[in-house]
Amino acid sequence: MRGCIFCQIVRGDAPARLVHQDDEITAFHDANPQAPVHLLIVPNRHIEGVRDVTPGDAPALGRLFVVARQLAEAFDLLDGYRLVVNDGPAAGQSVPHLHVHLLGARSLSWPPG
Ligand code: AMP
């Protein structure tokens, strides 16, 4: 989608430190990291949020979790890490392109703010 920063990153039209890309999923370092490892994993297709997911998105979103697991291993996080999805403004979603935060390499308290 024109004007979506994550779509621009997926297309290679905006800079990002990519850590993974395939035909369904792209992952890159968060520009404002909240942990020593803070990655964003996104479907290449523009989906605004979980509220817009359709049954046809199931293969890509299943693949997203496979990529998350691979990245957790690649970044040596298998002792524990957190996956976060902020969905909608009340949850703090600031970029309207579905993304999963992968946070790790520090202790993570619960509940989140
Ligand atoms: P959320 O608040 O859940 O929508 O998360 C959006 C995340 O995207 C934030 O953690 C931002 O730091 C991150 N972010 C925004 N723009 C960029 C960008 N151009 N490259 C990398 N991360 C970004």
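Sequence gap at least 6, Cα distance under 8 Å: using those rules, report the relative contact order of the chain to the nearest whole percent.
Once normalised by length, the contact order is 30 percent.
At a Förster radius of 22 Å, what calculated FRET efficiency corresponds to the Cβ-Cβ distance of Ala91 and Arg63, to the nearest 0.05?
0.40
Looking at the chain from every direction and averaging, what is the projected area of its Cα convex hull in nm²?
Result: 7.2 nm².
Show me the ranking of peptides 38-46, 66-74 by mean Cβ neighbours inside 10 Å, starting with the highest.
Final packing ranking: 38-46, 66-74.
Quick check: convex hull over the Cα atoms of region 35-86, volume per residue in Å³, rounded to an integer?
90
Bear in mind that the values in this text are calculations on the coordinates, not laboratory data. Quick caveat, the model's predicted, so the values are computed rather than measured. Counting neighbours? That spans all protein chains shown, and the Cβs are built from the backbone with ideal geometry, glycine included.
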